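Report on the structure given below.
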Amino acid sequence: MVGMGMIFDETYRPFFERVATQPLYGPEFGVCSAPLNAVATRTGQRAAAYRAKAPKDLQGFQNFFGVDAVEQLIDSPVDVVCIATPDDRHFAAAKLAINAGKHVLIEKPSVLRLRELDELDAMAQEHGVLAKVVYHKLLDPDHKKLRTFVADGVLQHVNNGYCSLLEPKSIAGSQFAEWIVGRNPGTYVAVHYIKLIDFTFGLKLKRVTCTGQRGIVGPADGPTWDSTQLRLIYAHNDGREAAFDIHTSWVTPDNFPGYVEQEVQFRFDNGVWNGHSRKRGVECTIEGATPYKIKNTINNHYNASVLEPWGERSQRGYGIEVIERFMREAAAVEFGGPLEERSIRLAAARELAYNDLAADRQVVAAVEAMEIILARHAAGIPECVVEVNAPAGGLVLKVPGESRDEVLYAPAV
Ligand SMILES: NC(=O)c1ccc[n+]([C@@H]2O[C@H](COP(=O)([O-])OP(=O)(O)OC[C@H]3O[C@@H](n4cnc5c(N)ncnc54)[C@H](O)[C@@H]3O)[C@@H](O)[C@H]2O)c1
């Protein structure tokens, strides 16, 4: 495990705690354990704090920290490396792990540049390992139903839509204080919905624009963004266009009734889909606890600590399910049949577009475009546009008032 911050605690920790007593089982690979053997973090403090309270079975992991923590982890006996560092540090850790022949699972967004994606994908092919990304919202039952309706032709031909994902101020103010300078909430969370749109509708990305606001997390003329509004234009195979607006923020008040606000609306030729992750069921008020310690509207589908009807305490939800699913894919590659057929199993696992790095091209293209547009904005040139698969190249930056375009990425996206 590389990085033991908020997302480790929410999803990886409960996965490792459950698998320690209930190993994975599949008819094709048998019983497969997935122990937490080693962790790498910046200071080692969170790892030590976790060890102190972890179940006994989990306390034996090696705790590497400091500048060469990832190198040390990779030299230790691990088969799979999960990367949950801040997003601009995914690439370096993933490169080291893949080069050492480890299967890799990276938190969203996978990487920030198409060139990085190309490099990791080529290395994964060369070393015969999986390089996969966590987009847990694809496993949200509501989003699965949306995709099922689209796949079955019940909802036909999406035309446009909006998504919003608003994070509390505590995220930007304290949780991410170490790495927030120069960052934006779009890369951090719009990416969930870029992937949902990309994976659900199967369209070709054409154009990216973005604007945003500053002044709360950092200075009003600085490089750190409070909120962003991203617009993506896609093309259907029949030439008709579809447009999606994705609004994000990490300065929503901390007394907001839910942990994050997540809403989508998609309009089709024959229908409208409205989804709200927070308002889908529970509203609860507890004196002295809500909305700070416990939220009024809880997303129990993502992640819930519960007392099972049979008396067991457990933590479950699609945020954890997505990690288990990846471990099963890795187990099937390694143990799902004879060694001489491993490459066939590996190829089958790499075909899974929901999480394979090779299938993340349009998402990374959108993130790369958004980041350069925001960087130009911060440098005094707002309203740039990035065209995708234009005559001049795969990602082409158009600067207002300038006749010469800038090619950010030459190959086709
Ligand atoms: N799937 C989701 O919904 C979701 C939610 C939150 C975060 N995330 C993603 O998870 C990643 C981490 O986010 P977080 O909220 O846990 O962040 P965090 O700031 O809480 O934790 C980051 C962790 O990475 C470690 N770290 C930082 N630099 C490192 C380095 N160079 N080498 C090794 N370890 C290093 C830190 O020590 C810390 O343990 C991000 O990519 C984020 O986008 C995903």
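Taken together, the values in this text are just the output of simple stated rules run on the coordinates, not laboratory data. The shown structure was predicted, so the numbers you read here are calculated from the model rather than taken from an experiment. So basically every Cβ, Gly included, is an ideal-geometry build from the backbone, and we count neighbours across all protein chains shown.
Miscellaneous remarks
- Estimated D of segment 141-300 in µm² per second, where Rh is the Kirkwood radius over Cα pairs and Stokes-Einstein applies at 20 °C, 1.002 mPa s: 126 µm²/s
- Point-to-point label distance, Asn99-Val399, nm (Cα→Cβ direction, 7 Å offset): 3.3 nm
- Neighbour counts of other Cβ atoms within 10 Å put His103, His127, His143 in the fewest-to-most order His127, His143, His103.
- Charge dipole of segment 1-53 about the Cα centre (unit charges at C-beta), most positive-ward option of Ala52, Val39, Phe15: Ala52
- For segment 1-124, the Cβ-based charge dipole about the Cα centre amounts to some 420 debye (Lys, Arg positive; Asp, Glu negative; other atoms uncharged).
- Taking Leu58, Leu166, Leu374 and counting other C-beta atoms within 10 Å, the order from fewest to most: Leu58, Leu166, Leu374
- Evaluated at q = 0.10, 0.12, 0.14 Å⁻¹, the base-10 log of the normalised Debye intensity for the chain, with identical point scatterers placed on the Cα atoms, takes the values -0.72, -1.06, -1.47.
- The fewest-to-most ranking of Glu312, Glu10, Glu28, Glu71 by surrounding Cβ atoms within 10 Å reads Glu312, Glu28, Glu71, Glu10.
- Over segment 31-142, relative contact order from alpha-carbon pairs under 8 Å, at least 6 apart, %: 20 percent
- Summarised as an ellipsoid, segment 112-168 has semi-axes of 30, 17, 13 Å, derived from the eigenvalues of the Cα gyration tensor scaled by 5 and square-rooted, with the largest first.
- Look at the alpha carbon pairs under 8 Å that are at least 6 residues apart: their mean separation over the length of the chain gives a relative contact order of 17 percent.
- Taking 7 Å steps out from each Cα toward its Cβ at His276 and Arg240 produces label points 2.9 nm apart.
- Relative contact order (%) - criterion: Cα under 8 Å, at least six apart; region: segment 141-300: 30 percent
- For chymotrypsin sites (Phe, Trp or Tyr not before Pro), the sites in segment 169-225 that DSSP calls loop and that have at most 15 other Cβ atoms within 10 Å are Trp179.
- Potential lengthening between Gln45 and Glu383 on full extension [0.36 nm per residue; Cα-Cα distance subtracted]: 117.4 nm
- Note that segment 316-365 carries a Kirkwood radius of 12.0 Å, evaluated over its alpha carbons pair by pair.
- Rough spin-label spacing in nm, given labels placed 7 Å along Cα→Cβ, for Ile344 and Thr21: 3.9 nm
- Of Lys102/Lys145; Lys108/Lys279; Lys53/Lys145; Lys132/Lys169, pairs whose Cα-Cα distance is over 32 Å: Lys102/Lys145; Lys53/Lys145
- Cβ charges +1 (Lys, Arg) and -1 (Asp, Glu), total dipole of the chain, debye: 620 debye
- Expected 222 nm ellipticity per residue - DSSP helices of 4 or more, -39500 (n - 2.57), all of the chain, to 500: -8500 deg cm²/dmol
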